[in-house]
1. What are the label-to-label distances in nm, one decimal and shortest first, from B:LEU188 to the same spot in the other copies, with labels 7 Å along Cα to Cβ?
2. Considering lysine pairs in chain B that are 8 or more places apart or on different chains, how many have Cα atoms under 21 Å apart?
3. I need the Kirkwood Rh of the protein assembly as shown: take the reciprocal of the average 1/r across all distinct C-alpha pairs and report it in angstrom.
4. If each DSSP helix of 4+ residues adds -39,500 (n - 2.57) and the sum is divided by the residues in chain B, what number results at 222 nm, nearest 500 deg cm²/dmol?
5. Kindly express, to the nearest 10 degrees and within the range 0 to 90, the angle between helix A:150-168's C-alpha long axis and the longest C-alpha principal axis of chain A.
6. Which translational diffusion coefficient, to the nearest whole µm²/s, is obtained for chain B from the Stokes-Einstein equation, given a Kirkwood hydrodynamic radius over C-alpha pairs, 10 °C and 1.306 mPa s?
7. With a point put 7 Å past each Cα toward its Cβ, work out how far B:SER29 is from B:LEU136 in nm, to one decimal.
8. Using a Förster radius of 35 Å, what is the FRET efficiency between A:SER7 and B:GLN5 based on their Cβ-Cβ separation? Nearest 0.05, please.
Number of protein chains: 2
Amino acid sequence: MNTSQFSTKERILGAAETLFARHGFAGASLRQVTSAAKVNLAAVNYHFGSKDNLIEEVFRRRLDELNGRRVAALKGAGEDASLDALLGAYIRPALELSLDTDGGSAFVRVLARAYAEHNERLRKFLSDNYGHVLRLFAAQFAKQLPHLSKEELYWRLDIVSGALTYAMADFGVIQRRAQDSEAQHRALAAEHLIHFAAAGLRAP
Amino acid sequence: MNTSQFSTKERILGAAETLFARHGFAGASLRQVTSAAKVNLAAVNYHFGSKDNLIEEVFRRRLDELNGRRVAALKGAGEDASLDALLGAYIRPALELSLDTDGGSAFVRVLARAYAEHNERLRKFLSDNYGHVLRLFAAQFAKQLPHLSKEELYWRLDIVSGALTYAMADFGVIQRRAQDSEAQHRALAAEHLIHFAAAGLRAP
DNA sequence: GGCGATATCAAACGATCGTTTGAAGCATAG
DNA sequence: CTATGCTTCAAACGATCGTTTGATATCGCC
């Protein structure tokens, strides 16, 4: 019988997300995770098999949602969406995730750590599961930026992805204004990013 | 008597840099580091006091050089340097560091990890020691971009920093062309970044 | 040559790591 | 009711962690 409204698996995933964001994959131990989740130490290996599998599940849970929203936003923007609309469809779901009060803001930092890890297994996992979304967007960007070669376009989208990862994880040095909430600060970051990226993509 | 041309301290710093880049600060053990450096395990605590101090020294060694070059490039560009020249003065020293065959390419990944760590001690260390360089550049950018408010300018420079960190650490999905060397690939990334960032900064 | 300082060494410290084990708890189906 | 299949539990596994110790080696200097 669970004393919480969440299942053991869900509690582990939530705690792992928070602790991976804070201390990294190697830095957060299963003892910390299970203790924060208020479950037995052995529960991780019982439900997920290993720490590595747990890490992968932390990604899957959020990225399915994130990329689903991106694709939905892309379709919602129509066949001839403007550059700003395309950027919004890509960036705003990430922003919304980062504003999720229930772990999403931790997850965007986990995602940034994953990039820093440069881990081949994770890269393959991300590419296999979500590469098609990137290609979907690239095709639409190409229509709005016909003066760019495919190669040039990919370089620029790569730059946008980097800036987005960095911005959502709040790595920057910009101090939040006192009158802004954390959510407003992130929203501001996203709007600046969209504006900046639109100009960068349009460059000759 | 050292069998190598490098001192024990230097060998430790070099090995630590490589292994921190590959496995992270928590993920790389002192046993791995001292083994790769071909020194005794106790040497780290003898020469640096602790693992945390070693991490800080890894940063200091490279960042003194990097930011020195940036300031020199800024001065070399003259008082009324163009936007592209300013961006070049900021970005190219980072590129050159990433091309350094003797650990520099590892270090840019260590730097990216440091951002992902979100570690307060490291952030303070970086801000204390190198914040003045950022302000120096900001002042010059402001002269070239008089239409931007100070706040707006800082947002955009923050975006550039994020994209730069991401690009130098080679986090992106862009595949290196077969005919390009690793160095050429990085150089290409830097040029794309300068071009993109210049347009983004100039946006209304 | 001998002496103090500096450096390196093998070995061990207690703590913590991911994982495994086997028993106990608990729901549901027969 | 008992039997069955999940799930949870405390405890322990061997391995590895950062750090410390005290002996040994190596150096510059009088």
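Since every read-out is calculated from the coordinates, none of them should be taken as a lab result. Computed from a predicted model, the values in this text were never measured in an experiment. Methodologically, a virtual Cβ is constructed for each residue, glycine included, from the backbone with ideal geometry; neighbour enumeration extends over all protein chains shown.
1. So the distances to the same position in the other copies read 3.8 nm.
2. Numbers: B:LYS9/B:LYS38; B:LYS9/B:LYS51; B:LYS38/B:LYS51; B:LYS51/B:LYS124; B:LYS75/B:LYS143.
Taking the Cα cut-off of 21 Å, the pair count is 5.
3. Values: mean 1/r = 0.0444 Å⁻¹.
One decimal place: 22.5 Å for the Kirkwood radius.
4. Working: 9 runs with 151 residues, N = 204.
When only DSSP H runs of four or more count, the value is -25000 deg cm²/dmol.
5. For helix A:150-168, the angle is close to 50 degrees.
6. Details: Rh = 18.3 Å.
Estimated diffusion coefficient is 87 µm²/s.
7. Each label point lies 7 Å from its Cα, and together they span 4.2 nm.
8. Values: r = 59 Å, r/R0 = 1.68.
Between A:SER7 and B:GLN5 the formula returns 0.05.
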